[in-house]
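First up is the structure itself, then whatever we jot down about it.
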Amino acid sequence: MTNEARLNLLARLAQSTPAVPRVAAKPSSILSVAAVSYGTRPVGDATVPTGFDPIAVALFEAIVDAAFIVANADDVFDAEERRVFEQVVTAACGGAVAQHQIHALVSDLDDQLREDGIDRRVEMIAASITKKDHAREVLRVAALLAHVSDDVSPVEHEVLRKIAEKCGIEPSEVEIALDDAKRALSASV
């Protein structure tokens with residue numbers, strides 16, 4: 001499988017929830033739903049649009065932040081990996097969030113990670129998660145994106161475990177997310 005095909009596959013898997021049948025014209029994952037709000041959030045002094053959901057925006061940022069810190073956990077996240085990460089997240093949003101918005105978000109997350117460190121970022125992610133399903137979505141997407149490099153390193157696995165712990169879900173949920181990601185990737189190849 002070419003790198004481009006693998007990236008597209010990861011994006012499709014992140015965008016959908018395999019256990020839930022996809023309804024035409026409706027997003028099928030928490031990530032997709034949150035991406036719609038993030039993509040329509042007001043900039044600067046703009047008026048808040050009708051239907052705008054700031055909680056969904058915070059959830060979207062938490063999902064991307066978790067995947068970002070997992071990707072950075074092994075201290076190997078060069079310009080190419082960042083480009084691939086942004087490409088996968090943009091594609092996973094299904095057009096709801098523009099590439100330049102993802103680039104700006106990843107730049108902000110990079111600054112925050114450098115300032116705060118992984119443990120503080122994990123705490124910030126957990127603070128914005130209010131539901132178990134949301135925590136599972138954070139793990140699901142982070143586990144999928146951890147597979148961008150074909151294998152999940154022990155340090156990436158540990159960060160996923162920390163996210164689960166701080167979000168109040170069982171450590172076994174990490175193994176479930178990783179197994180589901182691996183199974184989905186294998187089935188789609």
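Listed by position, the helices (runs of 4 or more DSSP H) contained in region 12-124 that have at least 2 residues being more than 16 Å from residue 145 (Cβ to Cβ) and modelled with pLDDT under 85 are 30-39.
Within region 140-155, which residues are modelled with pLDDT of 90 or more and either among the aliphatic types (A, V, I, L, M) or buried (at least 22 other Cβ atoms within 10 Å of the Cβ) (or both)? Answer for region 140-155, where residues must be modelled with pLDDT of 90 or more and either among the aliphatic types (A, V, I, L, M) or buried (at least 22 other Cβ atoms within 10 Å of the Cβ) (or both): 140, 141, 142, 143, 155. In the condition set (1) in contact (Cβ under 8 Å) with a residue 12 or more places away in the chain; (2) closer than 18 Å to residue 14 by Cβ, residue 121 is compliant with all but (2).
Considering each residue of region 150-162 in turn, none proves to be under 21 Å from residue 93 (Cβ atoms), in contact (Cβ under 8 Å) with a residue 40 or more places away in the chain and either of a type in the set (Gly, Ala, Ser) or in a helix (DSSP H, G or I) (or both). Please verify whether region 123-135 includes one or more residues that are farther than 23 Å from residue 92 by Cα and not hydrophobic (A, V, I, L, M, F, W, C). Yes.
Note on region 156-182: among residues that are among the charged types (D, E, K, R) and touching a Pro at 6+ places or on another chain (Cβ under 9 Å), the one that is surrounded by the most Cβ atoms within 10 Å (Cβ to Cβ) is 180. Restricting attention to region 163-189, the residues that are touching a residue at least 60 places away in the same chain (Cβ under 8 Å), over 11 Å from residue 139 (Cβ atoms) and assigned to a helix (DSSP H, G or I) total 3. Just one of the numbered conditions (1) of a type outside the set (Lys, Arg); (2) closer than 22 Å to residue 57 by Cα; (3) touching a residue at least 40 places away in the same chain (Cβ under 8 Å) is not true of residue 135: (3).
Within region 78-87, the set of residues being surrounded by fewer than 17 Cβ atoms within 10 Å (Cβ to Cβ) and either closer than 15 Å to residue 153 by Cβ or of a type in the set (D, E, K, R) (or both) comprises 78, 80, 81, 83.
The values are calculated or read from the model by the stated rules, or taken from the named source; none is laboratory data. Please read these numbers as outputs of a predicted model, since none were measured by experiment. Glycine gets a Cβ as well: all are built from the backbone with ideal geometry, and neighbour counts include every protein chain shown.
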